[in-house]
Amino acid sequence: MSEEAVLLVEKKDGVATLTLNRPKALNALSFDLRAAFVAALGEIASDGQTRVAILTGNGRAFCAGLDLKELGGETGASGNPFGRDRHFGVVDALDACPIPVIGAINGFAITGGFELALACDFLVASTDARFADTHARVGIVPGWGLSQRLSRLIGIGRAKEVSLTGNFVSAEKALEWGLVNRVVAPDKLLPTCLGLAADIQSCVPEVVALYKKLIDDGFSKTLEEGRAIEVRAAASWKATPEQIAERRQLVQERGRKQSETD
């Protein structure tokens, strides 16, 4: 893919790495980048070969959010950035993606970029990562879920502090608050995510897809409603005793290997 491409896609060993590639604009989500992202994610989700996706950014930012020059009419582009058509629905595309998406947060994740990160299944951050919600400072209202996802992830008090002040949250604070799963050195970010992707691929792919949907479907429900969703999913899943015995042996072997390296 050419250096001018706004989105870089690399597929290898069942993993697709998507890199937002507008480093001079801090990977701001222009119309072209949003369209390319939605198209690429749709292709990856349906290619029958990709089992895990990793989303990251090129340069010192993960994503600075929507392209404010476009929103301000400076570049001639127009349209509703929160629309649900194929050109704009970046978060909708992530929500609909059946394969796990790991967010590799390499730098600044600001406002719409913060929302993009929150739509990933889980996050690994570089020590260079910084998070901020500047909707209130810019004078716009979030439309990609930040006002709802963040409070569910880190608690309502912390979410209000982040969103009502517009202050930055460091990678270390994000880890302390449970916003990210891990914080690693910049040069370890992609290797760590690739290692986690390999772990996911070692599981039964059909169960991974079902399990991801099960967690997502039940997250906004009550415990009782979520349990009912789980019971229906369990009843619909069929596995032979032979398959279970084979997988059990593999799990035991993996457990022994991990114990030896601990």
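A few remarks follow.
- The residue list 65, 38, 50 was ranked by how far each Cα lies along the charge dipole of the chain toward its positive end, using unit charges on Cβ atoms, and 65 comes out on top.
- Checking the cross-link pairs 213/238; 12/188; 12/238 against a 27 Å limit on the alpha carbon distance flags 12/238 as lying beyond it.
- When both bridge partners sit in region 7-201, DSSP labels roughly 25% of those beta bridges antiparallel.
- Residue with peak Gaussian network fluctuation, the chain [Cα springs, cutoff 10 Å], from 231, 162, 91: 231
- Summary value for the chain: 15 percent relative contact order, contacts being C-alpha pairs under 8 angstrom separated by 6+ residues.
- Working ranking of peptides 122-130, 241-249 by packing, defined as the average number of other Cβ atoms within 10 Å per residue, highest first, is 122-130, 241-249.
- Within the chain: Cβ-based charge dipole about Cα centre, in debye rounded to nearest 20 (Lys, Arg +1; Asp, Glu -1): 400 debye
- Dipole of the chain [Lys/Arg +1, Asp/Glu -1 at C-beta], most positive-end residue of 29, 153, 235: 153
- Label assignment, Cα extents along the principal axes in Å derived from the structure, set (1) 128, 40, 37; (2) 63, 45, 38; (3) 61, 41, 34: (2)
Each reported figure results from applying straightforward, stated rules to the coordinates on display, with no laboratory input. Because the structure is predicted, anything quoted here is derived from the model rather than measured. Using ideal geometry, Cβ is built from the backbone for each residue, glycine included, and neighbour counts are taken over all protein chains shown.
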